[in-house]
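Only the coordinates and a few stated rules stand behind these numbers; no lab work does. These numbers were taken from a predicted model, which means no experiment stands behind them. All Cβ positions, even for glycine, are placed from backbone atoms using ideal geometry, and neighbour counts span all protein chains on display.
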Amino acid sequence: MLNDIKAEASSRMQKCIQSFQSDLKKLRTGRAHPSLIEGLKVDFYGSESPLNQVANISVEDGRTLVVTPWDRNMVAAIEKAIHKSDLHLTPNTAGTVIRIPLPPLTEERRRDIMKVVKQDAEAARVSVRNVRRDALAEAREALKEKLISQDDERRGQDEIQKLTDKAIADIEQLLAVKEKEVLQV
């Protein structure tokens with residue numbers, strides 16, 4: 001019973017960390033990378049589709065992304081989606097190829113990005129703590145129903161806390177790496 005609770009808590013905490021990682025990939029740093037725009041929603045014949053499902057995204061050099069739509073009629077819709085995004089990017093179209101130059105980040109923009117990164121990290125930590133709270137509540141419920149002993153419940157609390165501490169440490173490590181990447185000039 002206790003092992004099931006710990007396994008579920010561990011799985012949910014890993015999902016919180018993975019969600020934080022995917023949020024970090026979407027934030028712009030100094031370099032061009034396809035994950036920056038691959039999640040943008042494009043109007044694909046009446047339905048919203050992620051950009052990476054309607055076009056090929058590649059990196060031309062350190063500061064330029066190249067988007068090649070699979071259907072040449074999609075160029076205008078892709079340009080529109082890039083303009084509407086909050087990434088402040090200006091696409092240049094040459095026939096069926098869209099080039100997106102990434103201007104260098106200003107110091108002010110770097111600070112703004114770090115604020116967002118720290119907010120995301122705090123949200124991830126809160127999610128992990130919520131998982132811990134749920135797991136501890138399940139353990140207390142199992143104790144009330146006499147499915148586990150008091151010793152097992154106490155041991156479970158300690159092990160769940162260790163899982164929580166490890167997950168938060170992983171989030172802190174990801175935060176430190178991203179902070180170094182963003183602030184690097």
At what distance in angstrom do the alpha carbon centres of segment 1-66 and segment 105-136 lie from each other? 16
With an 8 Å cut-off on Cα pairs and a minimum separation of 6 or more residues, tell me the relative contact order of the chain in percent. 28
Along Cα→Cβ, 7 Å out, is where each label goes; now give me the distance between the ones at Gln14 and Ser149 in nm to one decimal. 3.1
Per residue, how much space in cubic angstrom lies within the convex hull of the C-alpha atoms of segment 34-101? 74
In percent, what relative contact order does segment 1-68 have, based on Cα pairs under 8 Å that are 6 or more apart in sequence? 22
Compactness of the chain, expressed as Rg and Dmax over alpha-carbon positions, Å: 22.0, 71
Considering all projection directions equally, how large on average is the shadow of the alpha-carbon convex hull of segment 1-60, in square nanometres? 6.3
Which of Lys84/Lys166; Lys41/Lys162; Lys80/Lys115; Lys41/Lys166; Lys6/Lys115 have a Cα-Cα distance over 30 Å? Lys84/Lys166; Lys41/Lys162; Lys41/Lys166; Lys6/Lys115
Among the aspartates and glutamates, which fall within straight-line cross-link reach of Lys146, defined as a Cα-Cα distance under 18 Å, with same-chain neighbours fewer than 8 residues apart omitted? Asp4, Glu138
Span-rule helices in the chain, defined as complete DSSP H runs reaching 18 Å or more along the axis (Cα) with Kyte mean at least -1.0: 2-25, 107-144, 150-183
May I ask you to derive the FRET efficiency for Val59 and Gln173 from their Cβ-Cβ distance with R0 = 25 Å, giving the value to the nearest 0.05? 0.45
Please give every one of the aspartates and glutamates within straight-line cross-link reach of Lys118, meaning a C-alpha to C-alpha distance under 16 Å, and leave out same-chain neighbours fewer than 8 residues apart. Asp23, Glu108, Asp170, Glu172, Glu179, Glu181
How much length is gained on full extension from Lys80 to Ser47, taking 0.36 nm per residue of separation minus their Cα-Cα distance? 10.4 nm
